[in-house]
Amino acid sequence: MNKLNKNAEDAIFDIEDGQTLMLGGFGLCGIPENCIAALVKKGTTNLTCISNNAGVDDFGIGLMLKQKQVKKMIASYVGENAEFERQLLSGELEVELIPQGTLATRCLAAGYGMPAIFTPAGVGTEVADGKETRIFNGKEYLLEAAFEADFALVKAWKGDKSGNLIYKDTARNFNPLMAMAAKITIVEVEELVEDGELDPNFIHTPGVYVHRIFQGINYEKRIEQRTVRKVD
Amino acid sequence: MNKLNKNAEDAIFDIEDGQTLMLGGFGLCGIPENCIAALVKKGTTNLTCISNNAGVDDFGIGLMLKQKQVKKMIASYVGENAEFERQLLSGELEVELIPQGTLATRCLAAGYGMPAIFTPAGVGTEVADGKETRIFNGKEYLLEAAFEADFALVKAWKGDKSGNLIYKDTARNFNPLMAMAAKITIVEVEELVEDGELDPNFIHTPGVYVHRIFQGINYEKRIEQRTVRKVD
Amino acid sequence: MALNKFQIAQRIAKELQDGFYVNLGIGIPTLVANYIPEGMNVVLQSENGLLGMGPFPIEGDEDADLINAGKQTITTLPGSSIFDSAMSFGMIRSGKINLTVLGAMEVSEKGDIANWKIPGKMVKGMGGAMDLVASAKNIIVAMMHTSPSGESKLLETCSLPLTGTRCVKKIVTDLAVIEITLTGFKLIERAPGVTADEIKSKTKANLIVEGNIPEIEI
Amino acid sequence: MALNKFQIAQRIAKELQDGFYVNLGIGIPTLVANYIPEGMNVVLQSENGLLGMGPFPIEGDEDADLINAGKQTITTLPGSSIFDSAMSFGMIRSGKINLTVLGAMEVSEKGDIANWKIPGKMVKGMGGAMDLVASAKNIIVAMMHTSPSGESKLLETCSLPLTGTRCVKKIVTDLAVIEITLTGFKLIERAPGVTADEIKSKTKANLIVEGNIPEIEI
């Protein structure tokens, strides 16, 4: 049971054209930089990508969009990417926008073996078009299906060789949810440690969900909105 | 916003006859000892208790059973309690046995604002009697409703004044789920700390879910099955 | 005189209560954080996974791993907690957030809100807004009363794709504080020196005006 | 000679594979942990919230906060992780556990299992068993072939309330290893010195016996 991979190229070797990928991160925070770079290099196309955002023009999933590797994007917010908007308006890119909580919970459902969940988000809007609704205790909910994805590409802060993961601050976001949700979960970590170095009480993703793990390199960790204050 | 209570009596002052309580713990591990003692002293009756187990004859929920404070018990396993069995067979106690994962997920559903969940546990058994079933991808599931409870009585290891909680080892079990699931969540901790002493990255229950918290005393932490080995 | 965006935020801050958990949307709502009354304990939730959002970091302390839902670098505070997106929207969905403040392109007199899409023009996505408006107990909209071209953003019926229905409780604009009642928009307060008639004329729906309307105190 | 409970556990251990995540029920299944082949990496899940269950603690090291689903004091191992009950059954439900071993009162030739209730007599509850059998990919039952009074526990149809339907893949008893096929019970191995005829006579359902049946090697 060796989950350890040498690097991103090694870990993503069998991702194929036309498959469905989940990519962790919120904006550019906590995105699997190494896996994205390897996918760009590999040139895999016709991908369906499930990710909260679509990166920016020259970073994150934006790099894959630029190369036209993405057929369909499932996201909640895509407002930071001009090339994305161009491909969308020109019809080159298929886009499904869904509420952020729905995105998160459809991942959770997959990881927890629940085929579908009920959420009120989107009731009475075009998000509800064609969807089954149901009233519980006087409130209307949409039935939303668990995601089905071939791979999850996840970025963690530290991980051990058994695949146990911890995340740092808000770089956690969708990562632990996607880590549970795909057929094969590939994780890049800033720091790979030996089994026993992480406290069992404070594991965010138990190793049972992780299939492959590798030590990432050259993290850029770009900041989208650098906001600061003066010393009081 | 003062969530701090002096002691268990203070914290449970408004629990009334006939209400529904969730009690954390698995067996005698991680049970809210102080709250149970205070409830026994208060003598509140006709309670519906949701808890994975029902304690033993002279500890845990067993103490409340002995005093006939419990009208109905919702649990997954009750095999360690002779008085329980007596009350059950004599018809004094109403009992609803449900699968352990269903118990856990109905708490999660309440905490996550999902009115119901689908689970395959119990399909084809008497647990499915009278329940709605539905087939997804060729597999049959039961629709199970989120719990509704007036109070959750939760035991944590450490907690801060904002109500953030961490649990120790397998004393975690149902505690963080019930902490999210009731109208009012009352928490007893082994160690009450100041805000800022717990690492925000490693909080099991965020304070938003906690309404009252107090420093517990005199923990007995009884062991049900003391199993040991010789030094190799 | 019409309020500026800081004054709108200042007015909204008066709706805060001690012990509130609050989610502030991008734009004017974010500014509300600057006007939390001294000594009042208000905990800010950022839906990307943080309770207890602190101020921007001191220059040089920015951390790419610590941002808010607007992708701005921020800080934590004593008592903060971090969680994943499922739990974040879990607590939103189960009604644990006492107040949500967000911007809007249009609000209807029934409390419908539109703020995520202009067909054929702009498709940024709804982010967490649909989840927030579908579940929050108390939703206040912060926005300009009219569009840059002078059109009322308060309408009988929204013309843009909806974010949520019958959810907005109150609107604070540069001109007025308006409550959404069972019978429609009701003027509660007006910007200093702005008359009820002027507000009426800039509101493209019936506006209930009863008795003397006080000026907004800021 | 019939196997004792340790030998049953030993035989089941042969079903383990490197990298398996395994859930062992109370009773004989727990004993399987003692026979994991040297050098094979098998991770034990305890459904009360632990992956990587270690051996019993050394006397004096018992910790009331660290128990398994059988309420026994245990230890963690390097690589262990602790989680809440929802995640525990989440990973069970989503099929992440490769093998589940549990005891039974009755098993039917269709793979139905009964192990939680004897109406009017015993009602301990199903604990996590219903979740496990509803979702596990591979379920092995460890039990005596007959009840203390000599009745077959392998039946055409279970008489007791079911725990789950069409889920058991294999049964290891004191007398035999039996696979559950589309056409019913199939004898795979027999206890040393026990004949196929004897097993047939103690099985209250059709038992498929094809060719020479090897003895269980332990």
Failed criterion for C:Ser88 (all others in (1) at the interface with another protein chain (Cβ under 7 Å from one of its Cβ atoms); (2) part of a helix (DSSP H, G or I); (3) without any contact (Cβ under 8 Å) to a residue 60 or more places away in the chain hold): (1)
Residue selected from segment D:113-123 under the condition surrounded by fewer than 24 Cβ atoms within 10 Å (Cβ to Cβ) and in contact with a strand residue (DSSP E or B) (Cβ under 7 Å, 6 or more places away or on another chain), by the criterion nearest to D:Met143 (Cα to Cα): D:Ala114
Qualifying positions in segment C:69-84 - among the small types (Gly, Ala, Ser) and within 14 Å of chain B (Cβ to nearest Cβ): C:Gly79, C:Ser80, C:Ser81
Among (1) touching a residue at least 12 places away in the same chain (Cβ under 8 Å); (2) more than 10 Å from chain D (Cβ to nearest Cβ); (3) surrounded by fewer than 17 Cβ atoms within 10 Å (Cβ to Cβ); (4) over 30 Å from A:Ala121 (Cα atoms) - the single one A:Arg226 does not satisfy: (1)
Residue match in segment A:24-33 (condition: surrounded by fewer than 20 Cβ atoms within 10 Å (Cβ to Cβ), β-branched (Val, Ile, Thr) and under 23 Å from A:Gln215 (Cα atoms)): no
Any hit, segment B:44-56, residues being assigned to a helix (DSSP H, G or I) and either in contact (Cβ under 8 Å) with a residue 60 or more places away in the chain or surrounded by fewer than 20 Cβ atoms within 10 Å (Cβ to Cβ) (or both): no
Output for segment B:87-114, where each listed residue is of a type in the set (D, E, K, R) and within 14 Å of chain C (Cβ to nearest Cβ): B:Arg106
Every residue from segment D:155-173 that is touching a helix residue (DSSP H, G or I) at 6+ places or on another chain (Cβ under 6 Å) and either among the aliphatic types (A, V, I, L, M) or away from chain B (no Cβ under 14 Å) (or both): D:Val172
Failed item in (1) surrounded by fewer than 16 Cβ atoms within 10 Å (Cβ to Cβ); (2) within 13 Å of chain C (Cβ to nearest Cβ); (3) under 20 Å from A:Asn201 (Cβ atoms); (4) not hydrophobic (A, V, I, L, M, F, W, C), with B:Glu191 passing the rest: (2)
Filtered residues of segment A:200-221 (kept if buried (at least 17 other Cβ atoms within 10 Å of the Cβ), away from chain D (no Cβ under 14 Å) and not in a strand (DSSP E or B)): A:Gly216
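Results for (1) basic (Lys, Arg); (2) assigned to a helix (DSSP H, G or I); (3) touching a helix residue (DSSP H, G or I) at 6+ places or on another chain (Cβ under 9 Å); (4) touching a residue at least 40 places away in the same chain (Cβ under 8 Å), shown as yes or no for each residue.
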| residue | (1), (2), (3), (4) |
| --- | --- |
| C:Leu3 | no, no, yes, yes |
| C:Ile8 | no, yes, yes, yes |
| C:Asp18 | no, no, no, no |
| C:Val32 | no, yes, yes, yes |
| C:Gly52 | no, no, yes, no |
| C:Gly95 | no, no, yes, yes |
| C:Thr100 | no, no, yes, yes |
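Considering every residue within segment A:109-132, establish whether at least one is assigned to a loop (DSSP other than H, G, I, E, B), modelled with pLDDT of 95 or more and hydroxyl-bearing (Ser, Thr, Tyr).
Taking every residue of segment A:109-132 in turn, at least one turns out to be assigned to a loop (DSSP other than H, G, I, E, B), modelled with pLDDT of 95 or more and hydroxyl-bearing (Ser, Thr, Tyr).
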Selection from segment A:147-168 of residues that are within 13 Å of chain D (Cβ to nearest Cβ), touching a Gly at 6+ places or on another chain (Cβ under 8 Å) and not in a strand (DSSP E or B): A:Lys161, A:Ser162, A:Gly163, A:Asn164
Failed item in (1) in a strand (DSSP E or B); (2) surrounded by 16 or more Cβ atoms within 10 Å (Cβ to Cβ); (3) not β-branched (Val, Ile, Thr), with A:Lys72 passing the rest: (2)
Residues located in segment A:78-108, provided they are in contact with a Lys or Arg (Cβ under 7 Å, 6 or more places away or on another chain) and small (Gly, Ala, Ser): A:Gly79, A:Gly101
Qualifying residue in segment D:14-32 (condition: more than 20 Å from the chain's Cα centre (by Cα) and either among the hydrophobic types (A, V, I, L, M, F, W, C) or more than 13 Å from chain A (Cβ to nearest Cβ) (or both)): no
Residues of segment C:139-168 classified as under 15 Å from the mean Cα position of the chain (by Cα), part of a loop (DSSP other than H, G, I, E, B) and surrounded by 18 or more Cβ atoms within 10 Å (Cβ to Cβ), total: 6
Looking only at segment B:169-179, and only at residues there that are at the interface with another protein chain (Cβ under 7 Å from one of its Cβ atoms) and either among the aliphatic types (A, V, I, L, M) or within 17 Å of B:Asn201 (Cβ to Cβ) (or both), the one that is surrounded by the fewest Cβ atoms within 10 Å (Cβ to Cβ): B:Ala171
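Kindly evaluate B:Glu197 against the criterion of being acidic (Asp, Glu), touching a residue at least 12 places away in the same chain (Cβ under 8 Å), within 14 Å of chain C (Cβ to nearest Cβ) and not in a helix (DSSP H, G or I).
yes
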Members of segment D:34-68 that are facing another protein chain (nearest Cβ under 8 Å), closer than 26 Å to A:Gly113 by Cβ and among the hydrophobic types (A, V, I, L, M, F, W, C): D:Val43, D:Leu50, D:Leu51, D:Ile67
In segment D:102-138, residue farthest from B:Pro99 (Cα to Cα) [restricted to those that are of a type in the set (Asp, Glu) and in a loop (DSSP other than H, G, I, E, B)]: D:Glu109
Residue list for segment B:131-189, filter: touching a residue at least 24 places away in the same chain (Cβ under 8 Å) and of a type in the set (Gly, Ala, Ser): B:Ala145, B:Ala146, B:Ala149, B:Ala152, B:Ala156, B:Gly159, B:Ser162, B:Gly163, B:Ala171, B:Ala179, B:Ala181, B:Ala182
Selected residue (only one of B:Ala82, B:Ala11 is of a type outside the set (Val, Ile, Thr) and over 25 Å from D:Met126 (Cβ atoms)): B:Ala11
Candidate set from segment C:54-85 (those that are without any contact (Cβ under 8 Å) to a residue 24 or more places away in the chain and of a type in the set (D, E, K, R)); member that is nearest to A:Ile166 (Cα to Cα): C:Asp65
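The values are calculated or read from the model by the stated rules, or taken from the named source; none is laboratory data. Treat the numbers as computed from the prediction; the structure is a model and nothing was measured. Don't worry about glycine lacking a Cβ; one is built from the backbone with ideal geometry, like all the others, and counts go over all protein chains shown.
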